[in-house]
Every structure is written in structure tokens, then in C-alpha cells.
1. Would you be able to say whether some residue in region 76-84 is more than 13 Å from the chain's Cα centre (by Cα), modelled with pLDDT of 95 or more and surrounded by fewer than 21 Cβ atoms within 10 Å (Cβ to Cβ)?
2. Identify the residue in region 87-112 that is in contact with a Gly (Cβ under 7 Å, 6 or more places away or on another chain) and among the aliphatic types (A, V, I, L, M) and, among all such residues, is surrounded by the fewest Cβ atoms within 10 Å (Cβ to Cβ).
3. Taking region 75-102, which residues are touching a helix residue (DSSP H, G or I) at 6+ places or on another chain (Cβ under 6 Å) and not charged (D, E, K, R)?
Amino acid sequence: MKIECPICPVIKKNVIGYLTDIKYIFSKDFIPKNYHKHIGYSLVLTIPSILALIFFFNLNDVGMPFQLFVGGFGAYVVNFTREWYYAQKYGAPWDQVDIHMGSYGGILGALLATLIS
């Protein structure tokens with residue numbers, strides 16, 4: 001009996017895309033495509049969010065990998081919502097790299113917040 005997983009290729013493609021988009025940090029398109037803004041804004045907004053979760057909701061009781069996941073996933077959701085809104089409202093082109101850059105900023109912000117606390 002062969003087990004089929006129709007969603008596995010999609011998950012694999014998206015995980016590989018997420019990891020390989022790090023190359024855009026070192027590309028010449030980093031400033032012109034505003035990737036630096038997605039990283040910067042997500043970093044700045046994630047720090048107080050994670051600190052609030054640490055101090056008021058006991059996020060410090062879990063390991064750092066989960067804290068980094070919360071920061072990265074939270075920034076991913078916010079950047080995804082932003083991309084969706086601008087695509088719907090203004091017809092802006094969809095750029096998955098923008099969302100990934102925001103998620104990277106969320107991970108860095110969560111790391112800085114845990115080091116601050």
C-alpha cells in the first residue's frame with residue numbers, strides 16, 4: 001500500500017523558497033525593492049510585542065526556538081495581510097519575498113527581545 005501526500009510537494013516548495021529568499025538580503029535589489037523596510041519595520045514592531053508576551057503572558061517559560069517561531073510567524077501574518085490588502089485595494093503586485101523579509105525581521109526582533117529580557 002502506497003501512502004500519497006498531495007500537499008507534501010507544496011510544503012517542500014514553500015519551505016525551500018522561504019530559506020532561499022535569504023539571498024535577497026545580499027542582492028542589489030535589497031534597497032530598490034524596499035526589502036530593508038520590511039525587515040526593519042517588522043524588527044521594530046516585534047520587539048515590544050514579544051516583550052509584552054514575555055512579561056505578561058509568560059512566553060519566557062518556553063524555549064527560545066518557540067519564541068523565535070512566534071516572532072517570525074507573527075511578522076509573517078502581518079506582512080501577508082499587508083500584501084493582501086494592497087493587492088486587493090490598490091492592485092499592487094504580489095511579492096512573496098516581501099512577506100519572507102518581514103518574517104526574517106520578526107525572527108531578529110524576537111531574538112533581540114529575548115536577549116533584552
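The values are calculated or read from the model by the stated rules, or taken from the named source; none is laboratory data. Every value quoted in this text rests on a predicted model; they were computed, and no experiment measured them. Here the Cβ positions follow ideal geometry from the backbone for every residue, glycine too, while neighbour counts run over all protein chains shown.
1. Yes, region 76-84 contains at least one residue that is more than 13 Å from the chain's Cα centre (by Cα), modelled with pLDDT of 95 or more and surrounded by fewer than 21 Cβ atoms within 10 Å (Cβ to Cβ).
2. Ile107
3. Those that are touching a helix residue (DSSP H, G or I) at 6+ places or on another chain (Cβ under 6 Å) and not charged (D, E, K, R): Ala75, Tyr76, Asn79, Phe80, Ala92, Trp94, Val97, Ile99, His100, Met101, Gly102.
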